[in-house]
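Nothing in this text is a laboratory measurement; each read-out follows from the coordinates by a stated rule. Because the structure is predicted, anything quoted here is derived from the model rather than measured.
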Amino acid sequence: MTWSMVESLCSLSVFSADDVASLYSWGCNALDIEMEKRIARAFIYKNKRDRFLFEMSKNDTDTFGKLPKARFNAICKLENMIDKSCCIMQSTKNPSPVELIEIMSANGVEKMCYVLSEYIDFDGIYVRLDLAVDKLQWNGFPSLIVGLPSGFSHFKGESYASTQPNCFLQPLEKFDK
């Protein structure tokens, strides 16, 4: 990440100077392939990791303003790719945003997270936890909010199609820089 990128992130309303410093210490930028590899190692079944990473990195969009088709499909299938042994708490009801933030904070999540979501405005970005929860908790799109630095995460599937629409995930492997 270059200094000009850090300055441009500071100018965005979603990031404070402390947030950007935190991102900089992680060596982060938008659509971070290394972070997505860490996510795959931490949460995805071993035999599905390569396919997941392949689909997440493919850029096959033919319409402006939409997720690449393969990435969209990978996020849709995320519920079937997540290793159930890392799911420590699941529920069929949506926790309130306040409850969600409290649970994540109690498990080592500071104020930043990385998001995988069908919601294109939030897919593949680092953002404040409170903003991610506020925008993603009730929108109906599947999403994975990966808390930093601990890796403790919240997966929310599509409510009408999912058998486990909400679960909290503890990484299988050490989740660090």
**Message:** Please list 3J(HN,Hα) in residue order for segment 127-132, calculated via the Karplus relation 6.51 cos²θ - 1.76 cosθ + 1.60 where θ = phi - 60°; whole Hz, with x for glycine and proline.
**Reply:** 8, 5, 4, 4, 5, 4
**Message:** Can you list residues from other chains, or at least 5 along the same chain, whose modelled amide H is less than 5 Å from the amide H of I44?
**Reply:** D83
**Request:** Mind listing the long-range amide H neighbours of G124? Cut-off is under 5 Å, sequence gap 5 or more, other chains count too, H placed in the peptide plane at 1.01 Å from N.
**Result:** V115, L116, S117
**Message:** I need two numbers for segment 29-169: Rg to one decimal and Dmax as a whole number, Cα atoms only, in Å.
**Reply:** 13.8, 42
